[in-house]
Amino acid sequence: MIASLKRYRRMAAATSLLFALASTASAQAPYPNRNITLVLPFAAGSGTDTTTRLISKEIGVSLGVSMVIDNKAGANGSIAASYVARSAPDGYTLFVTTNTTHSANPYLLKTMSYDPVKDFTPIARTGDLPFMLVIHPDVPANSVAELIALAKKEPGKYSYASGSSSASVSGATFARLAGIDLLHVPYKSSPPALTDVIAGRVSMMFIDVPTGLPHVNAKALKAMAVTTKKPSALLPQLPTMDATVKGFDITSWQGYFGPANLPKDMVAKLNAEIRKVIERPDIKSQLAERGMEAFSSTPEEFDTFLKEQLVLWEKLIADAGIEKQ
């Protein structure tokens, strides 16, 4: 009995030692040595989801690990943002997000469960996702000017859906600048919002180009204009909102973050790999086909940009007259 107990203790000690050695070896192995999870604040099928899957696949090949996409949609992206903010800064949980969580939410939400600056480490900006105004084909308008005339003729008849802060702020800004009464119908994410516009349950919405363009090409929606002040190189045939509604200029950006205090060597490695992928001509071309204007940045440039965007979106939201919810 005593001999068996001693043998069990020796085996337990040996097992513990093996686990300790394995953990130490893993910790000392070059980063990364296991799968990296990319948390997204929007549902599968959104513009951010579509472009991230293309980019992350190439990053994973370069790093020699799998990049796992984890869509945590809801609460204007706050669910995903809070999850990453509470994650360990070990480089294995990253956040791919947009101005929704990191520029707009501080001015849209009464209660914030994360700080977009203090709780995250900027890694790299990856480009812009231009938005466009789309309407259901049954809406009898072929231009923004005609749409405004319809809305003025029948105040409150027409509605706009939104599945992100960019869409929500764009809709409110349009209504204010054009002097029209539109009903806002918010959704958890863009795909279900788009579904209801296609079905005719909602009149229109501002949607990112990657998500909306296939439906425009299929004639399920009519594209009216892009939201950027300058014409989009991706959609040169579309006029700008500013051409009819002076002062309209809204752009959605995209980028990679880690939790706060992500080690500098990990940030540098991730930034280098992301930029290498983004700057490839074939990747730029594929992203352009999906409606994304791709370009890269250093972590420092991204950090500066982020702080500038917070100032810009505070003004956009205040000017649109949107109250915190």
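The values are calculated or read from the model by the stated rules, or taken from the named source; none is laboratory data. As the structure is a computational prediction, the values presented were derived from the model and not from experiment. Methodologically, a virtual Cβ is constructed for each residue, glycine included, from the backbone with ideal geometry; neighbour enumeration extends over all protein chains shown. The accessibility values were calculated without ligands, DNA or RNA, using every heavy atom of the protein model including side chains. Shrake-Rupley method; radii C 1.70, N 1.55, O 1.52, S 1.80 Å.
Residue-wise test of (1) part of a helix (DSSP H, G or I); (2) open to solvent by 40 Å² or more (accessible area, probe 1.4 Å); (3) out of contact with any strand residue (DSSP E or B) (no Cβ under 6 Å at 6 or more places or on another chain).
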site	(1), (2), (3)
Leu150	yes, no, yes
Ala161	no, no, no
Val197	yes, no, no
Ala223	no, no, no
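Which pairs turn up if I take residues in region 235-246 that are under 25 Å from Leu287 (Cα atoms) and touching a residue at least 24 places away in the same chain (Cβ under 8 Å) and look for partners that are of a type in the set (Ser, Thr, Tyr) and open to solvent by less than 20 Å² (accessible area, probe 1.4 Å) with beta carbon separation below 7 Å, at least 6 apart in sequence or on another chain?
Pairs that qualify, where the first residue is under 25 Å from Leu287 (Cα atoms) and touching a residue at least 24 places away in the same chain (Cβ under 8 Å) and the partner is of a type in the set (Ser, Thr, Tyr) and open to solvent by less than 20 Å² (accessible area, probe 1.4 Å), are Leu238/Ser232; Met241/Thr227.
What's the number of the only condition in (1) within 27 Å of Ile55 (Cα to Cα); (2) in contact (Cβ under 8 Å) with a residue 40 or more places away in the chain; (3) open to solvent by 10 Å² or more (accessible area, probe 1.4 Å) that Ser143 fails to meet?
(1)
Might you check whether a residue that is of a type outside the set (A, V, I, L, M), part of a loop (DSSP other than H, G, I, E, B) and over 18 Å from Leu108 (Cβ atoms) occurs anywhere in region 122-129?
The initial filter retains those residues of region 122-129 that are of a type outside the set (A, V, I, L, M), namely 122, 125-128.
Imposing the further condition that a residue be part of a loop (DSSP other than H, G, I, E, B) reduces the set to none.
Within region 122-129, not a single residue is of a type outside the set (A, V, I, L, M), part of a loop (DSSP other than H, G, I, E, B) and over 18 Å from Leu108 (Cβ atoms).
Yes/no per residue for (1) over 27 Å from Lys246 (Cβ atoms); (2) of a type in the set (A, V, I, L, M, F, W, C); (3) touching a residue at least 60 places away in the same chain (Cβ under 8 Å):
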residue: Ala85; (1), (2), (3): yes, yes, yes
residue: Thr97; (1), (2), (3): yes, no, yes
residue: His102; (1), (2), (3): yes, no, yes
residue: Leu133; (1), (2), (3): no, yes, yes
residue: Ile148; (1), (2), (3): no, yes, yes
residue: Tyr158; (1), (2), (3): no, no, no
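Quick one: which of Pro259, Pro231, Pro239, Pro281 is within 30 Å of Gly91 (Cα to Cα) and over 18 Å from the mean Cα position of the chain (by Cα)? If you could, list the steps in order and put the result at the bottom.
Details: Pro259 fails: over 18 Å from the mean Cα position of the chain (by Cα); Pro231 fails: within 30 Å of Gly91 (Cα to Cα); Pro239 fails: within 30 Å of Gly91 (Cα to Cα).
Going through Pro259, Pro231, Pro239, Pro281 in turn, just one is within 30 Å of Gly91 (Cα to Cα) and over 18 Å from the mean Cα position of the chain (by Cα): Pro281.
Does Pro263 fit the bill of being of a type outside the set (Val, Ile, Thr) and without any contact (Cβ under 8 Å) to a residue 40 or more places away in the chain?
no
Among the residues of region 252-302, how many are of a type in the set (A, V, I, L, M) and not in a helix (DSSP H, G or I)? Steps first, answer last, please.
Of region 252-302, the ones of a type in the set (A, V, I, L, M) are 260, 262, 266-268, 270, 272, 274, 277-278, 283, 287-288, 292, 294.
Keeping just the survivors that are not in a helix (DSSP H, G or I) gives 260, 262, 292, 294.
Going through region 252-302 one residue at a time, the tally reaches 4.
Within region 293-303, is there a residue that is surrounded by fewer than 23 Cβ atoms within 10 Å (Cβ to Cβ), under 30 Å from Arg176 (Cβ atoms), at pLDDT 95 or above and in contact with a strand residue (DSSP E or B) (Cβ under 6 Å, 6 or more places away or on another chain)?
No: region 293-303 contains no residue that is surrounded by fewer than 23 Cβ atoms within 10 Å (Cβ to Cβ), under 30 Å from Arg176 (Cβ atoms), at pLDDT 95 or above and in contact with a strand residue (DSSP E or B) (Cβ under 6 Å, 6 or more places away or on another chain).
So which of Ile180, Ile207 ends up being modelled with pLDDT of 95 or more and either aliphatic (A, V, I, L, M) or on the phi > 0 side of the Ramachandran plot (or both)?
Working: Ile207 fails: modelled with pLDDT of 95 or more.
Only one candidate qualifies: Ile180.
Can Asp181 be described as touching a residue at least 40 places away in the same chain (Cβ under 8 Å) and either surrounded by fewer than 18 Cβ atoms within 10 Å (Cβ to Cβ) or among the hydroxyl-bearing types (Ser, Thr, Tyr) (or both)?
On the way: touching a residue at least 40 places away in the same chain (Cβ under 8 Å): no; either surrounded by fewer than 18 Cβ atoms within 10 Å (Cβ to Cβ) or among the hydroxyl-bearing types (Ser, Thr, Tyr) (or both): yes.
For Asp181, the condition - touching a residue at least 40 places away in the same chain (Cβ under 8 Å) and either surrounded by fewer than 18 Cβ atoms within 10 Å (Cβ to Cβ) or among the hydroxyl-bearing types (Ser, Thr, Tyr) (or both) - is not met.
Can you pull out every residue in region 112-131 that is at pLDDT below 95 and in contact with a helix residue (DSSP H, G or I) (Cβ under 9 Å, 6 or more places away or on another chain)? Walk me through it before giving the result.
Restricting attention to region 112-131, the residues satisfying the condition of being at pLDDT below 95 are 112-113, 127-131.
Met112, Ser113, Gly127, Leu129, Pro130, Phe131 - these are the residues of region 112-131 that are at pLDDT below 95 and in contact with a helix residue (DSSP H, G or I) (Cβ under 9 Å, 6 or more places away or on another chain).
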